[in-house]
There are 2 protein chains.
Amino acid sequence: MNERSYAITPRRQEDYPQWYQEVVKAADLAQNAPVRGCMVIKPWGYGIWENIQKELDVRFKATGHKNAYFPLLIPLRFLEKEAKHVEGFAKECAVVTHARLEVNEHGRLVPADPLEEPLIVRPTSETIIGEMFSLWVQSYRDLPILINQWANVVRWELRPRLFLRTAEFLWQEGHTVHATQAEAQQHARKMLDVYTDFCRNFLALPVIPGRKPPTERFPGADDTLTIEAMMQDRKALQAGTSHFLGQHFSKASNIQFLDAQGQQQYAWGTSWGMTTRLIGALVMTHADDDGMVLPPRIAPAQVVILPIIPKAADAPAVMEACQALKLRLEALSYAGRPLGVELDARDLRSGPKTWEWIKKGIPIRIEIGPKDLEAGVVSLYRRDQEPKARQTLSTDALVGTLLDLLDAMQAGLLEKAQALRDTHTVEIDDLAALYAFFSSDTQIHGGFAAIHWNGDPAHWDRLAQDLKVSPRCFPFDRSYEPGKCIFTGEFSAERMIVARAY
Amino acid sequence: MNERSYAITPRRQEDYPQWYQEVVKAADLAQNAPVRGCMVIKPWGYGIWENIQKELDVRFKATGHKNAYFPLLIPLRFLEKEAKHVEGFAKECAVVTHARLEVNEHGRLVPADPLEEPLIVRPTSETIIGEMFSLWVQSYRDLPILINQWANVVRWELRPRLFLRTAEFLWQEGHTVHATQAEAQQHARKMLDVYTDFCRNFLALPVIPGRKPPTERFPGADDTLTIEAMMQDRKALQAGTSHFLGQHFSKASNIQFLDAQGQQQYAWGTSWGMTTRLIGALVMTHADDDGMVLPPRIAPAQVVILPIIPKAADAPAVMEACQALKLRLEALSYAGRPLGVELDARDLRSGPKTWEWIKKGIPIRIEIGPKDLEAGVVSLYRRDQEPKARQTLSTDALVGTLLDLLDAMQAGLLEKAQALRDTHTVEIDDLAALYAFFSSDTQIHGGFAAIHWNGDPAHWDRLAQDLKVSPRCFPFDRSYEPGKCIFTGEFSAERMIVARAY
């Protein structure tokens, strides 16, 4: 069989990082903004984010959270309150220093009215939300407080990359305070479980939930839980984190309450977040050499109908059939919402139009032309099959089987991603084998190595330098046995996953 | 009849501005943030905003718009491109000048790494979106582009006030470009009609749609359309605006397209926005001396169930009945969504608990106690009636009539607001009468005066100074006859509404 040509150049195997950029562009998801490190999220990419928001929001509300909104701008003194927190974020803060612009002697617009105290654009909101919680909490009866915020944050990035690392990104940040340590710890875990389930069942990302080692914790957290996903180049991507904050921010912001025994106590906190980075994870997990491949449940639309009109005289009948089918399909309910159906009636040739939708990754394409009308059928193409693999079926058969087909496609994408992950996740107990696993080839990244380790961070400097790997997590998966540290031979209670990472 | 006491001090008639602040606080909608001019939107207030978002979003999508996201930070040079625009916004721009923090010799955190070009925090996004449109538009086939963004913006405010004027606020901003002037003008009007309909039918705000005089236009617009609402103190509040931008931003950003005849043309633009200010408008239109009064369609929840438990032994039966009722009510659909039902099972005395919900403005309170259980009834209280006005009815009767009751309450609030507006909207043709209408009493603001005027802005300096009024709009309402300018006696084709305003 001759190898066909593909819509994306380069292909994955040729240059994975460049392939990623090309898919994001070809799928019309986002583009670099004319502002350093920032992106414009285009309608098709934002449609994915809207679905992520809707689905997560339902899950947050079902677990007792309410949404609220806190200021974008945070006084410097708030950041100073928690030492590790400021250390973690000082290097990437955008700082507002002036409140007005004026025209200078050269006719140029320049900042004026310096602020008494500079403000930072929030990189995260623990400090400002902690300050508010200290006003809202008096008694144990006020606890827990379970809040979520949908917002933009800014973290100055030196090497920005669309969705994966951008100076500004969109996210949700959950912030909670509890009366007891155990309740806060359980809550951090509960929200990680919500993330795990959402990624698996909605985004078709078979993430590995686990605990970060101390060196990888969020600045100011006592414990950071994470979900780690394997991309098609076998690198790891941290898809979400949930932090048990202990009492650090409660002590920094004075969040105290009177317990049932009349004693003043500091509250126990959690915070957790997921970001527009998830869209990058979707691309790097599911896309192929023809562009994006969208899991049906997250797609902004599941179906596109493409009228095929070879002669102008065919137009009325074909368009009527397309409109009628659109209405029938939109009456279906998929993943708790009306099925998303696009009818692409633009006056363009059908070849380029078809390829636009392939590159966008819409799960199902339906073509209707004069011959289909005569035969009483439609042509169906699945994004998870070859571009020309056509099925012909009656409209009734389409309507009757479409939802099952979407479910099967969704399940297929998860299986495929899980197979890749499982194939490239290996237990390694020998340092030479670990070096061999992460070969020096910059296109092939080994995968996830589950190793034993004595917990001493010193070993990591060498591994990080030699292999460019980092500790990802101690997985919650209890199938791993205790063993011996790969560096020292000392006892180790659990395996940790290491990998190259985004 | 003895006058009862009220939950809010002062009452509206005593000190309206202070009453407003107290209602916002008592209803737990928002509070001032420890950041100058900024607010924290608390869950009950944010729940209103979420409903506003959901409803507007449906209407924007039904009129062909897609959501997208553009950067928060805008280079100074973008703002410079449109002369009137920069003049309008330069005085209220937060400016980011540094990208890092460092600890100085005194151990204090200070800004470091000055940016080559300062960035402003977006006060609105015409300039950055215009820049992107210039990349997206090549041919007439690419038009129209219909985009909406949900975002935060920052405009430095010298006299901030919760919801009404805050340094940061949340909003939606629609941005469109079209091939013809007529299409863009019609689109600006179409979106104002969407706003008008939404305010009237969803927020129970009987707004007056109209056109701003030239002096009151958005900086850079050729025409600004507005909806103006009358508050209970008879001042005007601008609830939303829609701008026909002409070709100003297209020329500034070089948004050109090849038309069907092969000629390069500049596109025609619109922009339009509504903000969290609407929540302030809801308070000032519907709240009373006991706190917030929420139109049922916008309320975060329509019903609260309050268990009455005089003795601990009653608790199981009462709670079971409350839970069962909650499930039954939640199965109802109201305004296109499941009915919102709160069950307040907190361990607090029922008096304070009841008053919390009155102050929050929830439309319906249901009490269930042991005596109700015995009699097979529940007690119902409406927020639009006296706090103690109780109706007793069976659960079946409640479930059967609740939706009609909510519709009646929604209609009643609109009628009441409209009656106030109509009573205090008068045609005035005599300058002395105009001065009398806007008396010097600072608590009573006359209302809306519909006057004739020759269009010369010079007259306004005097009126603004003497009466603190401003031109609000030329209403689209065509019932007004032509007449003579109130200042000069010259011919005037249409009346303009003037009022004191927020």
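The values are calculated or read from the model by the stated rules, or taken from the named source; none is laboratory data. Source: prediction; values computed, not measured. Every residue, glycine as well, gets a Cβ built from its backbone with ideal geometry; the counts of neighbours run over all protein chains shown. Keep in mind that these areas ignore ligands, DNA and RNA; they rest on the heavy atoms of the full protein, side chains included. Shrake-Rupley method; radii C 1.70, N 1.55, O 1.52, S 1.80 Å.
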Can we say A:Val86 is among the hydrophobic types (A, V, I, L, M, F, W, C), over 30 Å from B:Glu50 (Cβ atoms) and modelled with pLDDT of 95 or more? no
Does region B:57-64 contain at least one residue that is more than 10 Å from chain A (Cβ to nearest Cβ), within 21 Å of the chain's Cα centre (by Cα), among the aliphatic types (A, V, I, L, M) and crowded, with 20+ Cβ neighbours inside 10 Å? no
If A:Phe202 satisfies every condition in (1) open to solvent by less than 10 Å² (accessible area, probe 1.4 Å); (2) closer than 30 Å to A:Glu14 by Cβ; (3) not acidic (Asp, Glu) but one, which is the exception? (2)
Note: among A:Ala112, A:Ala83, A:Ala90, A:Ala167, just one is under 23 Å from the mean Cα position of the chain (by Cα) and of a type in the set (A, V, I, L, M), namely A:Ala167
Kindly evaluate A:Val35 against the criterion of being assigned to a loop (DSSP other than H, G, I, E, B), at the interface with chain B (Cβ under 8 Å from one of its Cβ atoms), at negative phi and under 25 Å from the mean Cα position of the chain (by Cα). yes
I'd like to check something: does region A:137-153 contain any residue that is more than 9 Å from chain B (Cβ to nearest Cβ), under 24 Å from A:Met284 (Cα atoms) and at pLDDT 95 or above? yes
Please enumerate the residues belonging to region B:176-186 that are open to solvent by 10 Å² or more (accessible area, probe 1.4 Å) and either in a helix (DSSP H, G or I) or within 24 Å of B:Ile279 (Cβ to Cβ) (or both). B:Gln181, B:Ala182, B:Glu183, B:Gln185, B:Gln186
Here are some conditions: (1) modelled with pLDDT of 95 or more; (2) aliphatic (A, V, I, L, M); (3) closer than 29 Å to B:Phe244 by Cα. B:Val96 meets all but one. Which one does it not meet? (3)
Going residue by residue through region B:150-170, is there one that turns out to be in contact (Cβ under 8 Å) with a residue 12 or more places away in the chain, β-branched (Val, Ile, Thr), part of a helix (DSSP H, G or I) and surrounded by 23 or more Cβ atoms within 10 Å (Cβ to Cβ)? no
When you look at A:Glu80, is it of a type in the set (D, E, K, R), outside the structural domain of A:Gly361 (by TED's automatic domain parsing), crowded, with 17+ Cβ neighbours inside 10 Å and over 30 Å from B:Glu116 (Cα atoms), yes or no? no
Pick from region B:134-149 the residues that are among the aliphatic types (A, V, I, L, M) and open to solvent by 10 Å² or more (accessible area, probe 1.4 Å): which of them is nearest to B:Ala260 (Cα to Cα)? B:Leu143
Quick count over region A:417-460, residues being open to solvent by 50 Å² or more (accessible area, probe 1.4 Å) and touching a residue at least 60 places away in the same chain (Cβ under 8 Å), is 5
Considering residues of region A:310-335 that are farther than 16 Å from A:Ser379 by Cβ and among the basic types (Lys, Arg) only, the residue most open to solvent (accessible area, probe 1.4 Å): A:Lys311
Test for A:Thr392: is it part of a helix (DSSP H, G or I) and of a type in the set (Ser, Thr, Tyr): no
Run down A:Glu131, A:Glu92, A:Glu126, A:Glu117 and say which single residue is in contact (Cβ under 8 Å) with a residue 40 or more places away in the chain, surrounded by fewer than 15 Cβ atoms within 10 Å (Cβ to Cβ) and closer than 27 Å to A:Ala68 by Cα. A:Glu117
Select from region A:95-109 the residues that are small (Gly, Ala, Ser) and surrounded by 19 or more Cβ atoms within 10 Å (Cβ to Cβ) and list them in ascending order. A:Ala99
Output the residues belonging to region B:38-53 that are at the interface with another protein chain (Cβ under 7 Å from one of its Cβ atoms), open to solvent by 10 Å² or more (accessible area, probe 1.4 Å) and touching an Asp or Glu at 6+ places or on another chain (Cβ under 7 Å). B:Lys42
Taking interchain pairs and intrachain pairs at least six residues apart, which have beta carbon atoms under 7 angstrom, with the first residue in region A:72-88 and of a type in the set (Val, Ile, Thr) and the second buried (at least 21 other Cβ atoms within 10 Å of the Cβ)? A:Ile74/A:Leu119; A:Ile74/A:Ile120; A:Ile74/A:Arg122; A:Ile74/A:Thr127; A:Ile74/A:Ile128; A:Ile74/B:Val35; A:Val86/A:Leu79
In region B:20-32, which residues are in contact (Cβ under 8 Å) with a residue 24 or more places away in the chain, surrounded by fewer than 23 Cβ atoms within 10 Å (Cβ to Cβ) and more than 9 Å from chain A (Cβ to nearest Cβ)? B:Gln21, B:Ala26, B:Asp28, B:Asn32
For region A:228-309, give me every one of the strands (runs of 3 or more DSSP E) that falls completely inside it and has 3 or more residues that are in contact with an Asp or Glu (Cβ under 7 Å, 6 or more places away or on another chain) and either modelled with pLDDT under 95 or farther than 30 Å from A:Gln21 by Cα (or both). A:236-246
Wholly inside region A:431-501, strands (runs of 3 or more DSSP E) that include 1 or more residues that are basic (Lys, Arg) are A:470-475
Give me the pairs, please: first residue somewhere in region B:299-328 and within 19 Å of B:Val399 (Cα to Cα), second residue anywhere and open to solvent by 50 Å² or more (accessible area, probe 1.4 Å) and of a type in the set (S, T, N, Q), beta-carbon distance under 9 Å, and either six or more positions apart or on two chains. B:Ile305/B:Gln323; B:Leu306/B:Ser350; B:Pro307/B:Ser350
Members of region B:316-338 that are modelled with pLDDT of 95 or more, of a type in the set (A, V, I, L, M, F, W, C) and out of contact with any strand residue (DSSP E or B) (no Cβ under 7 Å at 6 or more places or on another chain): B:Ala317, B:Ala324, B:Leu327, B:Ala331, B:Leu332
Test of understanding: among A:Pro338, A:Pro307, A:Pro296, which residue is within 30 Å of A:Phe198 (Cβ to Cβ) and buried (at least 20 other Cβ atoms within 10 Å of the Cβ)? A:Pro296
Looking at region A:476-487 only, could you name the residues that are open to solvent by 50 Å² or more (accessible area, probe 1.4 Å) and small (Gly, Ala, Ser)? A:Ser479
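In region B:208-227, what residues are in a loop (DSSP other than H, G, I, E, B) and either in contact (Cβ under 8 Å) with a residue 60 or more places away in the chain or open to solvent by less than 10 Å² (accessible area, probe 1.4 Å) (or both)? Step through it out loud before you land on a result.
We begin by selecting, within region B:208-227, every residue in a loop (DSSP other than H, G, I, E, B); these are B:212-213, B:217-222.
Of everything in region B:208-227, those that are in a loop (DSSP other than H, G, I, E, B) and either in contact (Cβ under 8 Å) with a residue 60 or more places away in the chain or open to solvent by less than 10 Å² (accessible area, probe 1.4 Å) (or both) turn out to be B:Lys212, B:Pro213, B:Phe218, B:Pro219, B:Gly220.
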Tally of residues being more than 7 Å from every other protein chain (Cβ to nearest Cβ) and of a type in the set (A, V, I, L, M, F, W, C) across region B:76-106: 4
If B:Cys473 passes every condition in (1) touching a residue at least 24 places away in the same chain (Cβ under 8 Å); (2) open to solvent by 70 Å² or more (accessible area, probe 1.4 Å) but one, which one does it miss? (2)
